[in-house]
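Q: One structure, pasted below without further comment.
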Amino acid sequence: MKREQIDKAHAEDLYAAILQLQTVEEVESFFFDLCTPAELEGLVDRWRVAQMLVRKMPYRQIAAETNVSTATIVRVARFLNNGNDGYRKIMRRLGKIED
């Protein structure tokens, strides 16, 4: 999905709300209220896949370990390598990568 496809004002309101969360417990509560279990599982899966991809794990190994489809792995890889730098920026801040 492209940024221009999202209602900017409402999206910024959501992003501002997320920035107000101060603890892991607050983030967890907010996301459990905001997302369905399937949506949250998808977010967790994509984040896990992104971390495995930066460690250069093969797609088949990632699929086997996560039960995520190769289509999802390809999609995450595309955004990891040609997206908005969101994955890598957060991984750098968390000390998960140094690139």
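Q: Output yes when any residue across the stretch 61-76 is under 25 Å from Q20 (Cβ atoms), in contact with a helix residue (DSSP H, G or I) (Cβ under 7 Å, 6 or more places away or on another chain) and surrounded by 13 or more Cβ atoms within 10 Å (Cβ to Cβ), and no when none is.
A: So far as the stretch 61-76 goes, no, none of its residues is under 25 Å from Q20 (Cβ atoms), in contact with a helix residue (DSSP H, G or I) (Cβ under 7 Å, 6 or more places away or on another chain) and surrounded by 13 or more Cβ atoms within 10 Å (Cβ to Cβ).
Q: Among the residues of the stretch 74-92, is there at least one that is outside any helix (DSSP H, G or I) and modelled with pLDDT of 95 or more?
A: No; the residues of the stretch 74-92 include none that is outside any helix (DSSP H, G or I) and modelled with pLDDT of 95 or more.
Q: Moving to a separate point now. Looking at the stretch 20-41 only, could you name the residues that are of a type in the set (A, V, I, L, M) and either more than 17 Å from L94 (Cβ to Cβ) or assigned by TED's automatic domain parsing to the domain that holds G86 (or both)?
A: L34, A38, L40, listed by residue number.
The values are calculated or read from the model by the stated rules, or taken from the named source; none is laboratory data. Treat the numbers as computed from the prediction; the structure is a model and nothing was measured. Neighbour counts run over all protein chains shown; Cβ positions are idealised from the backbone, glycine included.
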